[in-house]
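Just below is one structure, and these are the notes that go with it.
The values are calculated or read from the model by the stated rules, or taken from the named source; none is laboratory data. Treat the numbers as computed from the prediction; the structure is a model and nothing was measured. Here the Cβ positions follow ideal geometry from the backbone for every residue, glycine too, while neighbour counts run over all protein chains shown.
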Amino acid sequence: CGLAPGFISIVANDLASRFDSLESVRMRVGALPQYPSNALNYNLTWSTDGVINEYCEPCEAIVEGELVEVPPLEEREEFSLDGVTYEAFNTSGGLGTLAETLKGRVRTLNYRTIRYPGHAAIMKALLNDLGLRHRRDVLKDIFESALPATLQDVVIVFVTVSGRKNGRLLQETYANKIYSRRIGDQVRSAIQITTASGICAVLDMLADGSLPATGFIKQEDIALDAFLANRFGRAYAQHEMVSRLAG
């Protein structure tokens, strides 16, 4: 439960369910500072260990229909959303069980982390050229000593699915930006809001009987509309921008 893996799997599976057959599922998520001010264009918004692990561990993907591992920080791409340019690259752990769920049904499935341009090149230099991949404790100390934390962040969820429906090749995209905001008497960061929403909504749905009380429930088994209708899931719905093709 949470954001990725978590909510993004619900979105991806919902989009995928609208097609007769699938070609590709591309999932992108990033927790970014609203006002980047250093060479990395990054501030600490969540677990430092988690960020470093994402950049170092092998990444699951489906390539040409086969479940494979791909290297982190590779396959960099750029895209624009609301006039802002971002980069995205392979990172580990974001797919959860979705690769197993869609294996045999999709030709391409991948998950990449969103950053501002230039971040990946510096991280590759630190981890690969300087060898900090093998000294993660040193890199953690550098990050926590030099990169300020911030509550002024934005979470971007960007999922694109393509496939065939009624004989036509179509694409559907979900794009969402969630910003930090005041909840009660405290300002909460976007990553706090989205992570807590993903967890609390699922627990709330379990408690009210919306989800089965027994057995293993994969995140992608949860219906997107039901999640967004939940009192906690509305944290995503309030900012939702969805592009859908009528079919």
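Checking the structure you have, find out if any residue of region 54-76 is touching a His at 6+ places or on another chain (Cβ under 9 Å), closer than 17 Å to S24 by Cα and modelled with pLDDT of 95 or more.
no
Looking at (1) closer than 20 Å to L126 by Cα; (2) outside any loop (DSSP other than H, G, I, E, B), which is the only condition E75 fails?
(2)
Look at region 82-128 and say how many of its residues are among the hydrophobic types (A, V, I, L, M, F, W, C), without any contact (Cβ under 8 Å) to a residue 40 or more places away in the chain and part of a strand (DSSP E or B). Walk me through how you get there before you give the answer.
Narrowing region 82-128 to residues among the hydrophobic types (A, V, I, L, M, F, W, C): 84, 88-89, 95, 98-99, 102, 106, 109, 114, 120-123, 125-127.
Right, trim to without any contact (Cβ under 8 Å) to a residue 40 or more places away in the chain and you get 84, 89, 99, 121, 125-126.
Next, from what is left, pick out any that are part of a strand (DSSP E or B): 84, 89.
Total satisfying the criteria: 2.
Determine which single condition E144 fails, assuming it passes every other condition in (1) surrounded by 17 or more Cβ atoms within 10 Å (Cβ to Cβ); (2) of a type in the set (D, E); (3) assigned to a helix (DSSP H, G or I).
(1)
Out of G96, G104, report the one residue that is of a type in the set (G, A, S) and under 14 Å from the mean Cα position of the chain (by Cα).
Details: G104 fails: under 14 Å from the mean Cα position of the chain (by Cα).
So the residue among G96, G104 that is of a type in the set (G, A, S) and under 14 Å from the mean Cα position of the chain (by Cα) is G96.
State whether the residues of region 165-185 include one that is farther than 30 Å from L44 by Cα, surrounded by fewer than 14 Cβ atoms within 10 Å (Cβ to Cβ) and within 18 Å of the chain's Cα centre (by Cα).
Step one: of region 165-185, the residues farther than 30 Å from L44 by Cα are 165-172.
Imposing the further condition that a residue be surrounded by fewer than 14 Cβ atoms within 10 Å (Cβ to Cβ) reduces the set to 166-169.
If we keep only those that are within 18 Å of the chain's Cα centre (by Cα) too, we end up with none.
No, region 165-185 contains no residue that is farther than 30 Å from L44 by Cα, surrounded by fewer than 14 Cβ atoms within 10 Å (Cβ to Cβ) and within 18 Å of the chain's Cα centre (by Cα).
Select, from V84, V51, V11, the only residue that is out of contact with any Asp or Glu (no Cβ under 8 Å at 6 or more places or on another chain), among the β-branched types (V, I, T) and within 21 Å of L109 (Cβ to Cβ). Even if it seems obvious, please write down each step before you answer.
Details: V84 fails: within 21 Å of L109 (Cβ to Cβ); V51 fails: within 21 Å of L109 (Cβ to Cβ).
When all the criteria are applied, what remains is V11.
Residues that are outside any loop (DSSP other than H, G, I, E, B), surrounded by 15 or more Cβ atoms within 10 Å (Cβ to Cβ) and without any contact (Cβ under 8 Å) to a residue 60 or more places away in the chain: does region 7-16 have at least one? Please lay out each step first, then the result.
Start the filter on region 7-16 by keeping residues that are outside any loop (DSSP other than H, G, I, E, B), which leaves 7-16.
Filter again for surrounded by 15 or more Cβ atoms within 10 Å (Cβ to Cβ), leaving 7-16.
Narrowing the set further to residues that are without any contact (Cβ under 8 Å) to a residue 60 or more places away in the chain leaves none.
No, that holds for no residue.
Tell me which residues, restricted to region 158-207, are of a type in the set (D, E) and either at pLDDT 95 or above or on the phi > 0 side of the Ramachandran plot (or both). I'd like the intermediate steps shown before the answer.
Step one: list which residues in region 158-207 are of a type in the set (D, E), which gives 172, 185, 204.
Once the filter is applied, which keeps residues that are of a type in the set (D, E) and either at pLDDT 95 or above or on the phi > 0 side of the Ramachandran plot (or both), region 158-207 yields E172, D204.
Residue by residue, here is whether (1) surrounded by fewer than 20 Cβ atoms within 10 Å (Cβ to Cβ); (2) small (G, A, S); (3) more than 18 Å from I156 (Cβ to Cβ) holds:
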site: P71; (1), (2), (3): yes, no, yes
site: D82; (1), (2), (3): yes, no, no
site: E87; (1), (2), (3): no, no, no
site: G93; (1), (2), (3): yes, yes, no
site: E100; (1), (2), (3): yes, no, yes
site: T108; (1), (2), (3): yes, no, yes
site: I114; (1), (2), (3): no, no, no
site: A121; (1), (2), (3): yes, yes, yes
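Looking at N38, N110, which is the one that is within 24 Å of T150 (Cα to Cα), at pLDDT 95 or above and of a type outside the set (S, T, Y)? Step through it out loud before you land on a result.
Values: N110 fails: within 24 Å of T150 (Cα to Cα).
None of the others qualify; the one that does is N38.
Of the residues V202, V159, V155, V138, which single one is more than 30 Å from S80 (Cβ to Cβ) and touching a residue at least 40 places away in the same chain (Cβ under 8 Å)? Before the answer, list the steps.
On the way: V159 fails: more than 30 Å from S80 (Cβ to Cβ); V155 fails: more than 30 Å from S80 (Cβ to Cβ); V138 fails: touching a residue at least 40 places away in the same chain (Cβ under 8 Å).
The unique qualifying residue is V202.
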